[in-house]
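Presented below is the structure to which this report refers.
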Amino acid sequence: MFHPEVKSQKNEDICILIRVENHSYNYICECGEAKALTVKECQNTKAIFISHTHIDHFVNFDTILRHQIGSKQRVIICGPTDITQQVQSRIQSYRWNLIAEDAITYEIREIQSDRTIKRAELKPPFWEITPLENLSQDAVYLNDLFEVEYTILDHKTDTIAYLFKGLDKTKIDLQKGGFKGGIWVKDLKNAFETNDPHCDIILEEKTYKASDLFHLIEVKKGKKLGVIMDHAASPSNHKNILTTFKNADQVFIESFYKVEDKERAISNYHSYSSESGRIMKECQIKEAIPVHFSRKYDDLEIDELIKEFESAYKGI
């Protein structure tokens, strides 16, 4: 369902583009430098997910903004405490005397440390912050295909790790029952999804209880895709990761340092290769992908870092 692509090279800041099957829009995780991110990809982006606003995760926001201006879309930006003011400051650093008032709207969803999700709106030309009603749902983003859950990690500042969860889909196996399609299919799906086994289903001029037809239903479980960026390799962070991401299908996780630089990782509240691999193994992630490496390393050292990650992840 999800088709992620790392748009940044090894020596660039992190940026991940997520395309969704049978869906018109795409989604951006992290606004690090990424020359491979195209104008069209920026214009088709419905929501942006920022873990935290250190420069290597936020520096490319201006480029994305430049390409989205004039699209007349409503684009959602999700991130940690204070990101509303930070987005506003970035935008207001430019002059907007030639922009139309409906050129774009940004809705900011700011995840507080108490898991309250504050909402606000920014519109040209003055980009004033207009408060909106807080989100009452647990997910920071939700549409008809998937939802995005999150956990808050410690990087000497709050950093948000995101879990994209495809919604389960119900399908009726008509051949199993020897029936023809019709409005009853929708009624049966609705009865199943709302847990209403006693609902009457009219099928070929005969009335059934929904529970008598539930054996025709197949449930296709939604896929789970995680993006875990900068975090200290600490027990509390690992507990939150395990709670949120256990058994996910695919996870991109920061592996900033090699094992030999473990002490530097600890002092900078980062993870390192073997610990990122180990927690992915404990979470039983089907496919774990290390990303976001320190620029102090050359390509050969990054290859060694990845081997350290793989060794811990696969238990070699």
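The values are calculated or read from the model by the stated rules, or taken from the named source; none is laboratory data. Since the model is a prediction, treat every value here as computed from it, not as a measurement. No Cβ is skipped: glycine too gets one built from the backbone with ideal geometry, and neighbour counts run over all protein chains shown. Calculation scope for accessible area: heavy atoms of the full protein, side chains included, ligands and nucleic acids excluded. Shrake-Rupley method; radii C 1.70, N 1.55, O 1.52, S 1.80 Å.
Just add up the charged neighbours of residue 17: K/R +1, D/E -1, any other residue whose Cβ is under 9 Å from the Cβ of residue 17.
Working: positive: 7, 19; negative: 5, 41.
So the surrounding residues net to 0.
Leaving out ligands and nucleic acids, note down the accessible area per residue over the chain with a 1.4 angstrom probe, in whole Å².
Heavy-atom SASA per residue in the chain reads 50 Å².
Label-point separation (nm) for residue 264 and residue 71, each offset 7 Å from Cα along Cα-to-Cβ?
Taking the simple label geometry, residue 264 and residue 71 are separated by 3.6 nm.
Expressed as an acute angle from 0 to 90° and rounded to the nearest 10, what is the orientation of the C-alpha long axis of helix 83-92 relative to the principal long axis of the chain?
Computed tilt is about 70 degrees.
Binning at 5 Å from 0, report for region 65-122 what percent of all alpha-carbon pair distances ends up in each bin.
Each 5 Å bin holds this share of Cα pairs: 4, 18, 27, 24, 15, 8, 4, 1, 0.
Note down the nm distance, to one decimal, between modelled labels 7 Å out along Cα→Cβ at residue 96 and at residue 195.
Going by the 7 Å Cα→Cβ label model, 4.5 nm.
In vacuum, with every alpha carbon of the chain counted as one equal point scatterer, what does the Debye formula give for log10 I(q)/I(0) at q = 0.14, 0.15 Å⁻¹? Two decimals, please.
With no solvent term, the Cα-only Debye profile gives -1.06, -1.15.
Could you work out the local net charge near residue 213, counting Lys and Arg as +1, Asp and Glu as -1, over the other residues with Cβ closer than 14 Å to its Cβ? Walk me through the intermediate numbers first.
Details: positive: 171, 176, 180, 186, 189, 206, 209; negative: 173, 187, 193, 196, 200, 204, 212, 218.
My count for the surroundings of residue 213 gives -1.
Taking 29 Å as the cut-off for C-alpha to C-alpha distance, list the pairs among 123/186; 40/223; 46/176; 180/220; 35/123; 46/223 that go past it. Intermediate values should be presented prior to the final figure.
Numbers: 123/186 40 Å; 40/223 26 Å; 46/176 39 Å; 180/220 21 Å; 35/123 27 Å; 46/223 20 Å.
The answer is 123/186; 46/176.
Per residue, what volume in Å³ does the convex hull of the Cα atoms of region 173-316 enclose? Before the final figure, lay out each step's value.
Numbers: hull volume 22.5 nm³, N = 144.
Here the figure is 156 Å³ per residue.
Take residue 208, project a point 7 Å from its Cα along the Cβ direction, then tell me which residues of region 157-190 have their backbone nitrogen under 20 Å from it.
Once the point is set 7 Å along Cα→Cβ of residue 208, 169-190 turn out to lie under 20 Å by backbone N, inside region 157-190.
Do the sum for the chain: with -39,500 (n - 2.57) for every DSSP H run of n ≥ 4, divided by all residues, what is the mean residue ellipticity at 222 nm, to the nearest 500 deg cm²/dmol? Kindly include the intermediate steps, with their values, before the conclusion.
Numbers: 10 runs with 85 residues, N = 316.
It comes out at -7500 deg cm²/dmol, rounded to the nearest 500.
Say R0 is 30 Å: what FRET efficiency, to the nearest 0.05, do residue 63 and residue 301 get from their beta-carbon distance? Mind dumping the intermediate values first?
Working: r = 28 Å, r/R0 = 0.95.
Efficiency for this residue pair is about 0.60.
Radius of gyration and Dmax for region 1-135's Cα atoms, expressed in Å?
Values for region 1-135 (Cα only, Rg and Dmax): 14.4, 42 Å.
Looking at region 167-226, which GluC sites (Glu not before Pro) are in a loop (DSSP not H, G, I, E or B) and have at most 10 other Cβ atoms within 10 Å?
Listed in order of number, the matching sites are 204, 205.
In the neighborhood of residue 5, defined by Cβ-to-Cβ distances under 11 Å, what is the net charge if each Lys or Arg adds +1 and each Asp or Glu adds -1? The partial results should precede the final answer.
Working: positive: 7, 19; negative: 41.
Taking every other residue near residue 5 into account, the sum is +1.
Please work out how much length the chain gains when fully extended from residue 179 to residue 55, using 0.36 nm per residue of separation minus the C-alpha to C-alpha distance, in nm with one decimal. List each step's numbers first, then the result.
Values: separation 124, 0.36 × 124 = 44.64 nm, distance 5.88 nm.
In short, 38.8 nm is gained.
For the residue pair residue 115 and residue 219, what label-to-label distance in nm results when each label sits 7 Å from Cα along the Cα-to-beta-carbon direction?
Modelled inter-label distance: 2.2 nm.
Just to be sure I understand: with springs between alpha-carbon atoms less than 10 Å apart, which residue in 252, 49, 192 has the highest mean-square fluctuation in the Gaussian network model of the chain?
192
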